[in-house]
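*Asks:* Shown below is the structure under consideration.
The values are calculated or read from the model by the stated rules, or taken from the named source; none is laboratory data. For clarity, every value in this text was computed on a predicted model and none was experimentally measured. No Cβ is skipped: glycine too gets one built from the backbone with ideal geometry, and neighbour counts run over all protein chains shown.
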Amino acid sequence: MLVRNRWMILSVSMVAQVASVSAMFGVPVVLPQLREAFGVTTAQAGMLAGLPSFGLLLTLLLWGVVIDRAGERATMALSLLLTAGALGLLWTASQLWSVAAVLFLVGAVGGPVNAASGRLVLTWFERTERGLAMGIRQSALPLGVGLSALVLPRAADAWGFVGAMLLPGALALVAVPLVLAMASAPPRGGAEGRTERSGKAVPVSGPAPARSGSPYRRWTIWRVHGLSMLLGVPQVTLMVYTVIYLVQEQGWSPPAAGAVVAAAQVPGAAGRLLLGAWSDRTGNRMRPVRWLAVVSGLALVLLTLLPNAWGWSAVPLVLLCLVLTMWHNGLTFLSVAEIAGTAWAGRALAVQNWLQAVSTTLTPVLMAAVITLSGLPAVFAVGAVFSALAVVVVPVRAEGRESGATGQ
């Protein structure tokens, strides 16, 4: 019997997303072991960590078409199976180039889970619930990163880099039957076919309406895409370089540094839920994002400067920056989906993820140059510059006109 409760479907999509995130973004938390295993520099290891995003970059637009044509359930199940298979190939990877090829492949096959699970929120939840629902779903990213940070460094110490990266593949296999148990669409008559205890149907607004014409004829969706790319730079910088920063600059052990990353994921996930619920109440998705860009930029500046004078400030500032830079994702993701409507949601969310993958792929390359020229702590200053640019791009007023014109 297929699962038709929208909250259960949201829970299953989160499990799938955690598996995908662990596979795609588990590498940064085991960079020290990767560096030792293959004798690469910190800058080279950071570039290897960006290869899954590069694979995602080349395939995600095609996956978006698959989502709109085949549906979320089939696409997610196929992606999870392929992800597990790709990670299994690490057993045969004995050279650096073969590990790089596998990491690229993981990104190429693992990307659509994020876009497909986001489309589920648009399909199964009404507008007044979507901010909270998307916040819950987007908390899968910090949960996946936190789980990876807790488990993978210890697993890598015990079994090596390759052995540790097989664990996300096992989790992906566990998620496949859960995804296949989901209903592909809500029953007729509502976002979930909800009924009162008396048996009468409860009217709901239903999924976001399909739109005629491309949403890309309007500037608003492009500004949200650009905003996400800009805010992705400091977020990826913290994800990729926090562990190695604490190990190399602050003298921490890899497991202890991983624990710091894991500790940031709980408030990171909670913040996404709170901001989503707040946006449901206010009807504005973008204003909180502008404030996040301002505050996170200031925090990154402090992280660049203060540890030089007061070493004790490094860890609390790293935690603060990790948390702040991950809060925007749910609201930007949902804003793109609502602007696009259900007919374009799969493609629009794929474009959103694709453009974020551009940012994710290029950020380690940019930061490798920054590290070479100015040292590791300078990457945080560069991240602050991108946060400042994001403040300018946020389409707060345009979003209000868009929502008023479409009724979403």
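*Asks:* Show me the helices (runs of 4 or more DSSP H) entirely contained within segment 310-393 in which 1 or more residues are modelled with pLDDT under 85 and among the polar types (S, T, N, Q).
*Replies:* Working: elements: 314-325, 329-340, 342-374, 378-393.
So the answer is 329-340, 342-374.
*Asks:* Something else: Among the residues of segment 142-166, which ones are within 22 Å of VAL102 (Cβ to Cβ) and crowded, with 24+ Cβ neighbours inside 10 Å?
*Replies:* Within segment 142-166, GLY144, VAL145, SER148, ALA149, LEU152, PRO153, ALA156, ALA164, MET165 meet the criteria.
*Asks:* Do you know which residues across segment 271-325 are touching a His at 6+ places or on another chain (Cβ under 6 Å) and among the hydroxyl-bearing types (Ser, Thr, Tyr)? Please lay out each step first, then the result.
*Replies:* Just the residues of segment 271-325 that are touching a His at 6+ places or on another chain (Cβ under 6 Å), to begin with: 289, 292.
Within segment 271-325, no residue meets the criteria.
*Asks:* For segment 131-139, indicate whether the set of residues that are hydroxyl-bearing (Ser, Thr, Tyr) and under 17 Å from THR83 (Cβ atoms) is non-empty. Working first, answer last.
*Replies:* Restricting attention to segment 131-139, the residues satisfying the condition of being hydroxyl-bearing (Ser, Thr, Tyr) are 139.
So of that shortlist, the ones also under 17 Å from THR83 (Cβ atoms) come out as none.
Checked segment 131-139: no residue is hydroxyl-bearing (Ser, Thr, Tyr) and under 17 Å from THR83 (Cβ atoms).
*Asks:* Restricting to segment 218-274, give me the number of residues that are more than 14 Å from the chain's Cα centre (by Cα), of a type outside the set (Ser, Thr, Tyr) and within 20 Å of GLY26 (Cα to Cα).
*Replies:* Of the residues in segment 218-274, 19 are more than 14 Å from the chain's Cα centre (by Cα), of a type outside the set (Ser, Thr, Tyr) and within 20 Å of GLY26 (Cα to Cα).
Residue-wise test of (1) part of a loop (DSSP other than H, G, I, E, B); (2) among the small types (Gly, Ala, Ser); (3) closer than 25 Å to THR128 by Cβ.
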position: THR220; (1), (2), (3): no, no, yes
position: SER228; (1), (2), (3): no, yes, yes
position: LEU238; (1), (2), (3): no, no, no
position: THR242; (1), (2), (3): no, no, no
position: TRP252; (1), (2), (3): yes, no, no
position: VAL260; (1), (2), (3): no, no, no
position: GLN265; (1), (2), (3): no, no, no
position: GLY276; (1), (2), (3): no, yes, yes
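*Asks:* From the list ALA49, ALA19, exactly one residue is under 14 Å from the mean Cα position of the chain (by Cα) and within 25 Å of VAL174 (Cβ to Cβ). Which is it? Let's see the steps before the verdict.
*Replies:* Numbers: ALA49 fails: under 14 Å from the mean Cα position of the chain (by Cα).
Going through ALA49, ALA19 in turn, just one is under 14 Å from the mean Cα position of the chain (by Cα) and within 25 Å of VAL174 (Cβ to Cβ): ALA19.
*Asks:* Give the number of residues within segment 20-46 that are touching a residue at least 12 places away in the same chain (Cβ under 8 Å) and part of a loop (DSSP other than H, G, I, E, B).
*Replies:* Of the residues in segment 20-46, 2 are touching a residue at least 12 places away in the same chain (Cβ under 8 Å) and part of a loop (DSSP other than H, G, I, E, B).
*Asks:* Still on this model: When VAL40 is evaluated against the numbered criteria (1) crowded, with 23+ Cβ neighbours inside 10 Å; (2) farther than 24 Å from ALA185 by Cβ, which criterion, by number, is the only one it fails?
*Replies:* Going through (1) crowded, with 23+ Cβ neighbours inside 10 Å; (2) farther than 24 Å from ALA185 by Cβ one by one, VAL40 breaks only (1).
*Asks:* Still on this model: Can PHE125 be described as more than 24 Å from VAL15 (Cβ to Cβ) and modelled with pLDDT of 80 or more? Walk me through how you get there before you give the answer.
*Replies:* Numbers: more than 24 Å from VAL15 (Cβ to Cβ): no; modelled with pLDDT of 80 or more: yes.
Criteria not met by PHE125.
*Asks:* Still on this structure, I have one more. What are the pairs, 6+ residues apart or on separate chains, where a residue within segment 1-19 that is farther than 16 Å from ALA133 by Cα has its Cβ under 9 Å from a residue that is in a loop (DSSP other than H, G, I, E, B) and hydroxyl-bearing (Ser, Thr, Tyr)?
*Replies:* LEU2/SER184
*Asks:* Of everything in segment 100-114, what is touching a Phe, Trp or Tyr at 6+ places or on another chain (Cβ under 7 Å) and either assigned to a helix (DSSP H, G or I) or among the basic types (Lys, Arg) (or both)? Give them in sequence order. Spell out how you get there, then give the answer.
*Replies:* Kept after step one, since they are touching a Phe, Trp or Tyr at 6+ places or on another chain (Cβ under 7 Å), are these residues of segment 100-114: 104, 107, 111-112.
If the condition is that a residue be touching a Phe, Trp or Tyr at 6+ places or on another chain (Cβ under 7 Å) and either assigned to a helix (DSSP H, G or I) or among the basic types (Lys, Arg) (or both), then PHE104, GLY107, PRO112 are the ones that fit.
*Asks:* Among the listed residues PRO186, PRO153, PRO168, which satisfies the condition of being over 21 Å from ALA350 (Cα atoms), touching a helix residue (DSSP H, G or I) at 6+ places or on another chain (Cβ under 8 Å), at pLDDT 75 or above and outside any helix (DSSP H, G or I)?
*Replies:* Criteria check complete, one pass: PRO186.
*Asks:* Go through (1) part of a helix (DSSP H, G or I); (2) in contact (Cβ under 8 Å) with a residue 24 or more places away in the chain; (3) of a type outside the set (A, V, I, L, M, F, W, C) and name the single condition ASN284 misses.
*Replies:* For ASN284, the failing item is (1).
*Asks:* Another question, then. Looking only at segment 323-340, which residues are crowded, with 24+ Cβ neighbours inside 10 Å, more than 27 Å from GLU126 (Cα to Cα) and aliphatic (A, V, I, L, M)?
*Replies:* LEU324
*Asks:* Further question on the same structure: Being buried (at least 24 other Cβ atoms within 10 Å of the Cβ) and in contact (Cβ under 8 Å) with a residue 12 or more places away in the chain narrows it down to one of PRO377, PRO364, PRO307, so name that one.
*Replies:* On inspection, the qualifying residue turns out to be PRO364.
*Asks:* Could you pull out the residue among LEU103, LEU56 that is in contact with a Gly (Cβ under 7 Å, 6 or more places away or on another chain) and crowded, with 24+ Cβ neighbours inside 10 Å?
*Replies:* Of LEU103, LEU56, the one residue that is in contact with a Gly (Cβ under 7 Å, 6 or more places away or on another chain) and crowded, with 24+ Cβ neighbours inside 10 Å is LEU56.
*Asks:* From the list TRP97, TRP63, which one is assigned to a helix (DSSP H, G or I), crowded, with 16+ Cβ neighbours inside 10 Å and among the aromatic types (Phe, Trp, Tyr)?
*Replies:* Working: TRP97 fails: crowded, with 16+ Cβ neighbours inside 10 Å.
Only one candidate passes the filter, namely TRP63.
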